[in-house]
Amino acid sequence: ITVYDNALAYDAGTYTFTQAFTPPTPTASGGDAFASFLLGFPSSGSIVHATPAEYLVDYIAGYAQDEFRMGTLTFNYGLRYEFEAGVREANNAFTVGFDRDAAFPVQVPGLNLKGGLMYAGQNGYPTQQGQALNGVAPRGGFAWSVTDRQVIRGGYGFYWAPMQFSGVGETAMGRLGYTATTTYLSSTDGNRTPANSLSDPFPNGIAPPQGNSLGLATGAGGVIDFVDPNSQPGQVQQYSVDYTREMQGGIAVSVGYSGSRSSHLPVGGTVDTTVNINQLDPQFLAQGASLLDLVPNPFFGDAAFGNLSTSATIARGQLLRPFPQFTDVLAHRVSEARTQYNALTLRFDKRIRNNWGVNANYTFSRLMDNQFGESNTYVQRNNAALDNYDLDREWGYSLLGVPPHKSTT
């Protein structure tokens, strides 16, 4: 499977226009945003230069199945093998995780900085994201004709659930360093006069991507995104058993149980929800408002730390983070979610005779999970965990769960 990401959706840049450059006089208020557009004077803008990407997924599968009958008992069974090595990029132009233990290449007094992005194929890091799928999935079932009018059926199946992808952009695929943003300079005198125009919005050129040249130091001072290197394929176990009895008048009644257990699912379901591994450890929360106190900034004046280097003071809480040289460190495709489903099913059937029949079903079920991020028409979920250190605190009734329900035809 191959997916291309050429990142050409805004290859001319994006721009915003306001009334700033079209008042009656340079010091007057007023003006019109559309007039500024016609003159070609944006108030802000940017252009993204991204390295094209070619994502590859290798997948192999095979299966065998059989069935046999022994008197009134019938068995069917099978075994499926699947292999999926994980996502890779044709030129290794992405990251494959975040190394929590690596020494940060730039150190400051008073701190022992660790952590940084893992670039594919660099410093012994792998070339694919996540853990490989390499396993078998057994499944089987039976049907037992207890009498001519009674039957018991059951089955079990184990399934692998490949990781879901919500997109192939910079953050979702861990591409920091392989995109670069050049900002439009609108004015140097407080919008009294325009500094540039659409005829040549970036006279000094467009900044090229830096790739993996900064290594572990990439993104210091800001938010970084990466794909969890421990991400692994989901595991789903499904099982059921039911009893059916045929009665007089073409009537059949059934009672059954069905359930499932799933693990290693994405925490956001179908949403690209992240887990912030740079959350302040809860043990420090007892310090309360003092976490916001400004203290001397050890990053001040060192350009290697980006935005964190611009002020002589910094919040105490920032220095207590696990990786204080970054703000948020967001893990994508975290596969620590699990689900549990149990259901009692009742069914009543009457074959069509004399132009009428009935098919009625009733299900009493409960679905629990610890996923978050997804929403629907009736429920809005937070797109972040209550505690990034304990995702099991999200355990509860699933958004996808439904109350006891019935259907009749």
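The values are calculated or read from the model by the stated rules, or taken from the named source; none is laboratory data. Fair warning: this is a prediction, and the values are worked out from it, not measured in the lab. Cβ atoms come from the backbone with ideal geometry, glycine included; neighbour counts cover every protein chain shown. Just so you know, the surface numbers come from the protein's heavy atoms only, side chains and all, with ligands and any DNA or RNA stripped out. Shrake-Rupley method; radii C 1.70, N 1.55, O 1.52, S 1.80 Å.
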Working carefully through the options 213, 145, 199, find the one that is over 30 Å from residue 21 (Cα atoms), in a loop (DSSP other than H, G, I, E, B), modelled with pLDDT of 85 or more and out of contact with any helix residue (DSSP H, G or I) (no Cβ under 9 Å at 6 or more places or on another chain). 213
Please find, within the stretch 128-137, the residue that is nearest to the chain's Cα centre (by Cα) out of those that are of a type outside the set (S, T, N, Q) and open to solvent by less than 60 Å² (accessible area, probe 1.4 Å). 130
Specify which of the listed residues (287, 232, 283, 248) is over 25 Å from the mean Cα position of the chain (by Cα), open to solvent by 60 Å² or more (accessible area, probe 1.4 Å) and closer than 30 Å to residue 118 by Cα. 283
Can you work out which of the residues in the stretch 138-171 that are surrounded by fewer than 17 Cβ atoms within 10 Å (Cβ to Cβ) and of a type in the set (A, V, I, L, M) is farthest from the chain's Cα centre (by Cα)? 146
Here is a list of conditions, (1) surrounded by 13 or more Cβ atoms within 10 Å (Cβ to Cβ); (2) part of a strand (DSSP E or B); (3) without any contact (Cβ under 8 Å) to a residue 12 or more places away in the chain, and residue 23 meets all of them except one; can you say which number that is? (2)
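Before we move on, is residue 251 in contact with a Lys or Arg (Cβ under 6 Å, 6 or more places away or on another chain), hydrophobic (A, V, I, L, M, F, W, C) and in contact (Cβ under 8 Å) with a residue 40 or more places away in the chain?
Details: in contact with a Lys or Arg (Cβ under 6 Å, 6 or more places away or on another chain): yes; hydrophobic (A, V, I, L, M, F, W, C): yes; in contact (Cβ under 8 Å) with a residue 40 or more places away in the chain: yes.
When the stated conditions are applied, residue 251 passes them.
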Candidates 130, 110, 135, filtered to the one that is touching a Lys or Arg at 6+ places or on another chain (Cβ under 7 Å) and either in contact (Cβ under 8 Å) with a residue 40 or more places away in the chain or among the aromatic types (Phe, Trp, Tyr) (or both): 130
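Any chance you could count how many residues in the stretch 292-338 are within 17 Å of residue 280 (Cβ to Cβ) and free of Cβ contacts under 8 Å to residues at least 12 places away in the same chain?
Matching residues across the stretch 292-338 total 1.
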Return the residue satisfying two criteria in turn: it lies in the stretch 313-350 and is touching a strand residue (DSSP E or B) at 6+ places or on another chain (Cβ under 7 Å) and of a type in the set (Gly, Ala, Ser), and of such residues it is nearest to residue 163 (Cα to Cα). 335
Given (1) touching a strand residue (DSSP E or B) at 6+ places or on another chain (Cβ under 9 Å); (2) surrounded by 13 or more Cβ atoms within 10 Å (Cβ to Cβ), identify the lone condition not met by residue 396. (2)
Could you list, in sequence order, the residues of the stretch 278-319 that are in contact with a Lys or Arg (Cβ under 9 Å, 6 or more places away or on another chain), of a type in the set (S, T, N, Q) and over 24 Å from residue 99 (Cβ atoms)? 287, 290
Of residues in the stretch 84-127 being assigned to a strand (DSSP E or B), open to solvent by 40 Å² or more (accessible area, probe 1.4 Å) and modelled with pLDDT of 95 or more, the one nearest to residue 331 (Cα to Cα): 100
Does residue 178 count as under 28 Å from residue 209 (Cβ atoms) and either without any contact (Cβ under 8 Å) to a residue 60 or more places away in the chain or open to solvent by 20 Å² or more (accessible area, probe 1.4 Å) (or both)? yes
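Kindly establish whether residue 66 is modelled with pLDDT of 90 or more, open to solvent by less than 80 Å² (accessible area, probe 1.4 Å) and in a strand (DSSP E or B). Please lay out each step first, then the result.
On the way: modelled with pLDDT of 90 or more: yes; open to solvent by less than 80 Å² (accessible area, probe 1.4 Å): no; in a strand (DSSP E or B): yes.
So residue 66 does not fit the description; no.
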Do the conditions hold for residue 325, that is, is it assigned to a strand (DSSP E or B), at pLDDT 95 or above and either surrounded by 12 or more Cβ atoms within 10 Å (Cβ to Cβ) or not acidic (Asp, Glu) (or both)? no
